[in-house]
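The values are calculated or read from the model by the stated rules, or taken from the named source; none is laboratory data. Every value quoted in this text rests on a predicted model; they were computed, and no experiment measured them. Backbone-built Cβ (ideal geometry, glycine too); neighbour counts: all protein chains shown.
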Amino acid sequence: MKIVKKALAAAAFGFASMLAAVPGHGAEYPSKAVTIYVGFAAGGPTDVVARLLAEGLTKKLGQPFIVENRPGASGELAANLLKKAAPDGYTLMVGANGTLSILPAVKKGLGYKPLTDFTPIAPVARFPYYLVTSKDSTLASYQDLIQQGRKPGKGMSFGSAGPGSANHLAGEWFSKKAGINATHIAYKGDAAVLSDLIANRIDFAFLAGSLVIPQAQSKNLRILGSSASSPEIGRQGIAVVGKEFLPGFSAEPWNGLLGPAGLPKDIVSKLNSAANEIMGSTSVGVRLKEMDQYPFLGSPGTFADHIRTQTERTADIVRTSHLTIE
């Protein structure tokens, strides 16, 4: 009998050891390096946020979390790579709103569906756009912009990084909601928008604080408002359009951490807890704020809901503004 008990105990111990040795199994995850795809070039907002997160995850979980840039098609290339990855926790992605909530709403034949082909793990960071105009513009305030934009036969222009970009949709939604007549001017990137805005060739634009705040401090641009979802996000002392003028309006690009579909719940839970702790820390908050970015914390369910509602909002803007985006 004692021999049988010893054999059973040994077998149980051996089985438990085998489970513990399986890569990605709860308590042992991670047991090797983890790759985090970023669908944009190094140095951009999503890349910087991903590297802050990866640095924190490496320290907290004891294995290297390595950012791998796979730029192309507004993040679509990286998303398709994630879709094909094994759901073991060793291939992740820091995605952006353009990849996860704009492309699914505007592009036909997209190769992935964010809420079925991926596992949302945690929202990570977000930032507001600012409604800006040139220092040489006659638009000295938000009210000036609205009054001029509503004059019969008086058209205005706004610039964006291109058709279907986040600030294109922000401008369309704002114009529709505010009841102004504004024509979209597409550029190849925000830097080109900024240049023409400073030169007063376009009337207004929605741009990130990292671009416009230094220009406003140098008196090249005038900030008329923030598109933040709440007064706690963005530079203080700037009117929040959705609170003071247009209830419900906000335009905040965001990033979040995802894995392939079928990622085990224990790995999701571990990564979510770590991501929230890292991005919610004072040290990371200070580094984000230097770029006018802000922590975006929440559960996997919160993140999934955000992706869903943002996609629905994008589709509604495209429909009500009668946009055709290829």
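Tabulated data
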{"read-out": "Set 226, 273: member being under 29 Å from residue 113 (Cα atoms), within 22 Å of the chain's Cα centre (by Cα) and of a type in the set (Ser, Thr, Tyr)", "value": "273"}
{"read-out": "Residues that are outside any strand (DSSP E or B) and crowded, with 19+ Cβ neighbours inside 10 Å, drawn from the stretch 230-244", "value": "233, 234, 238, 241, 242"}
{"read-out": "Yes/no for residue 154 being of a type in the set (D, E, K, R), surrounded by fewer than 19 Cβ atoms within 10 Å (Cβ to Cβ), in the same structural domain as residue 207 (by TED's automatic domain parsing) and part of a loop (DSSP other than H, G, I, E, B)", "value": "yes"}
{"read-out": "Of the criteria (1) at pLDDT 95 or above; (2) within 30 Å of residue 78 (Cα to Cα), which one residue 241 fails", "value": "(2)"}
{"read-out": "Residue among 134, 165 that is modelled with pLDDT of 95 or more and of a type outside the set (A, V, I, L, M)", "value": "134"}
{"read-out": "Qualifying residue in the stretch 191-202 (condition: modelled with pLDDT under 95, not polar (S, T, N, Q) and not in a helix (DSSP H, G or I))", "value": "no"}
{"read-out": "Residue match in the stretch 238-246 (condition: out of contact with any Phe, Trp or Tyr (no Cβ under 6 Å at 6 or more places or on another chain) and closer than 30 Å to residue 112 by Cα)", "value": "no"}
{"read-out": "Hits in the stretch 105-118 (condition: outside any helix (DSSP H, G or I), surrounded by fewer than 24 Cβ atoms within 10 Å (Cβ to Cβ) and of a type outside the set (A, V, I, L, M))", "value": "107, 108, 109, 111, 112, 113"}
{"read-out": "Qualifying residue in the stretch 138-146 (condition: within 30 Å of residue 285 (Cβ to Cβ), assigned by TED's automatic domain parsing to the domain that holds residue 63, in contact (Cβ under 8 Å) with a residue 12 or more places away in the chain and surrounded by fewer than 24 Cβ atoms within 10 Å (Cβ to Cβ))", "value": "no"}
{"read-out": "Test result for residue 102, in a helix (DSSP H, G or I) and either of a type in the set (Lys, Arg) or not assigned by TED's automatic domain parsing to the domain that holds residue 63 (or both)", "value": "no"}
{"read-out": "Complete set of residues in the stretch 254-268 that are surrounded by fewer than 23 Cβ atoms within 10 Å (Cβ to Cβ) and in contact (Cβ under 8 Å) with a residue 12 or more places away in the chain", "value": "260, 261, 262, 264, 266, 267, 268"}
{"read-out": "Residues within the stretch 53-66 that are surrounded by fewer than 19 Cβ atoms within 10 Å (Cβ to Cβ) and of a type in the set (A, V, I, L, M, F, W, C), tallied", "value": "2"}
{"read-out": "Selected residue (criterion: farthest from residue 265 (Cα to Cα)) from residues of the stretch 277-320 that are in contact (Cβ under 8 Å) with a residue 12 or more places away in the chain and polar (S, T, N, Q)", "value": "320"}
{"read-out": "Yes/no for residue 92 being touching a residue at least 40 places away in the same chain (Cβ under 8 Å) and surrounded by fewer than 17 Cβ atoms within 10 Å (Cβ to Cβ)", "value": "no"}
{"read-out": "Criterion: in the same structural domain as residue 117 (by TED's automatic domain parsing), at pLDDT 95 or above and within 24 Å of residue 167 (Cβ to Cβ) - qualifying residue of 224, 246, 258", "value": "258"}
{"read-out": "Residues of the stretch 282-326 classified as of a type in the set (Asp, Glu) and on the phi > 0 side of the Ramachandran plot, total", "value": "1"}
{"read-out": "Filter pass, residue 252 being over 18 Å from residue 310 (Cα atoms) and part of a loop (DSSP other than H, G, I, E, B)", "value": "no"}
{"read-out": "Whichever residue in the stretch 105-158 is under 17 Å from the mean Cα position of the chain (by Cα) and of a type in the set (Lys, Arg) and, among such residues, is nearest to residue 234 (Cα to Cα)", "value": "126"}
{"read-out": "Subset tally (residues that are part of a loop (DSSP other than H, G, I, E, B), of a type in the set (A, V, I, L, M, F, W, C) and within 16 Å of the chain's Cα centre (by Cα)) for the stretch 24-72", "value": "3"}
{"read-out": "Members of the stretch 255-291 that are in a loop (DSSP other than H, G, I, E, B) and closer than 30 Å to residue 130 by Cα", "value": "280, 281, 290, 291"}
